[in-house]
Structure formats: C-alpha cells, structure tokens
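Since the structure comes first, as structure tokens, the remarks are kept for the end.
The values are calculated or read from the model by the stated rules, or taken from the named source; none is laboratory data. These numbers were taken from a predicted model, which means no experiment stands behind them. Cβ: placed from backbone, ideal geometry, glycine included. Neighbour counts: every protein chain shown.
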Amino acid sequence: MAAKRATTTIPVVFSIGADPVEAGIVSSLSHPGGNVTGVYQFTAGLESKRLGLLHEMVPKAQVIGVLLNSNYAAAESQLHDVQDSAAHLGLRLIIVRANTESDFDMAFSTVASQRAGAMLVCASPFFNARRQQLVVLASSHSLPAIFEWRDFAVAGGLMSYGTSLNNAYRQAGVYAGRILKGEKPADLPVVQSTKFEFVINLITAKALHIDVPPTLSARADEIIE
C-alpha cells in the first residue's frame, strides 16, 4: 500500500495473502488497472479448510482455540469463515487475538485454561514472522495446532495447509520479468495461486500422542518424520 501511494507510474509487483481487491490494491483481479499487479496467494481464505483438517486430526476436540491478528486486513473475514465452519462441524470456538508479541502468552494461556483441545492459528504476515515462537507456545501448552505455511510444520508445528510460497514467488518473478521486457501491469491479471501444500509433522504428532488418521496421511503432500 505504501508503494502504491508513492507512485502511479513505477510498476509494482506484489505477492499477498489477503484479497487484493478487498484491500484496495487493485480494482479487479482480471483487470488490475494502474501500475500494480501480482500474485494473490489466497491464504486468508483457507481458514475453514484448516479448521476441517484440524477436526479430522483431533476429532474428540470439541473446543478449538482460534488465534487472530486484528491488525491484519482480512481478520474479520477470517473470523466469519471460521465461525461458519465451526457451526457446521458442531465445534465451540475460543477466539483470542494477538497484535504484538506480548499478547501471545496470554492468548495461549486463555485457550489452555478453557480446556481447548486444539488450536487454529489464522494466516497473518505478523504470525508468519514469529512462527518459531508460536510453534513453541503450542508445544508447551500441548495444543495440536494447524498453521498456514509449510515453514510452520518444518519448525515443529503439527501441520500446515496453504498455498506454495515457492510457486507464488516464482510467479511474481515471472511478472517482474515480463514488465521489464515492456509489458504493462494494467494488462497482467492478478495470478491466483492454485498449488496447495498439506504438511504433517509426524514427530510432533507422536510427541502429542496423536495417531494420525490414515485418511489424512494419504492426502498429505509431505510428512515430516
């Protein structure tokens, strides 16, 4: 947004998890207009899917903690999606919010004190930048948790579901190259990520005494052992 405000002529290529139309970055996905285009990673719209996967992993957990970053533009949309999904699955949610690192301990303590059986950490650039801290907190509270990116599972999170960052960044590079060769951002539709990764950390599952359902193992793109 800062780059968009700074210039209307220099081409800008973005890679973003929230809907760029709702965020006011482009006028439409098919016809972005102006000097800005890029890749929509579609991460913020996957919370319902993540909640469903978490429910399959720990079906006995009827109370689920949900961590939101209120400063993230898609936070209210994420909350709405999760609440709808929880109602369909018959789950009770404990909604906690964290906008600074100092909020993390209280958020996890609140979820644990209300006997939540699992945790959904919603997509947020702020959370991604502090993934190690969040993974450690989930582990210390013995909370099975699902996150957005593969990097969370690699860091020790139980599982992750989201688009492929490598694929998204590669496409951003392709667009940058095409612009450098003379094409205009206004003529390049926003690319929507279509490659998704479901990763399970079997080491963490064993530490939490979770038997991963064969149906989930079969659908995983990667299992970390």
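Of the residues THR8, THR110, the single one that is assigned to a helix (DSSP H, G or I) and either of a type outside the set (Gly, Ala, Ser) or not assigned by TED's automatic domain parsing to the domain that holds ALA172 (or both) is THR110.
Residue-by-condition table, conditions (1) among the aromatic types (Phe, Trp, Tyr); (2) closer than 13 Å to GLY65 by Cα; (3) in contact (Cβ under 8 Å) with a residue 60 or more places away in the chain:
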site	(1), (2), (3)
MET106	no, yes, no
THR110	no, yes, no
LEU120	no, yes, yes
PHE127	yes, no, yes
VAL136	no, no, no
ILE146	no, yes, yes
GLY156	no, no, no
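Would the stretch 123-142 turn up any residue that is part of a strand (DSSP E or B) and touching a strand residue (DSSP E or B) at 6+ places or on another chain (Cβ under 9 Å)? No; the residues of the stretch 123-142 include none that is part of a strand (DSSP E or B) and touching a strand residue (DSSP E or B) at 6+ places or on another chain (Cβ under 9 Å). Quick one: in the stretch 47-75, of everything that is surrounded by fewer than 22 Cβ atoms within 10 Å (Cβ to Cβ) and of a type in the set (Lys, Arg), which residue is farthest from the chain's Cα centre (by Cα)? Only one residue fits best here, namely LYS60.
To keep it simple, each residue is scored yes or no on (1) touching a Gly at 6+ places or on another chain (Cβ under 6 Å); (2) not assigned by TED's automatic domain parsing to the domain that holds GLU101.
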| position | (1), (2) |
| --- | --- |
| VAL136 | no, no |
| LEU143 | no, no |
| TRP149 | yes, no |
| PHE152 | no, no |
| ARG178 | no, yes |
| LYS181 | no, yes |
| ALA207 | no, no |
| ASP211 | no, no |
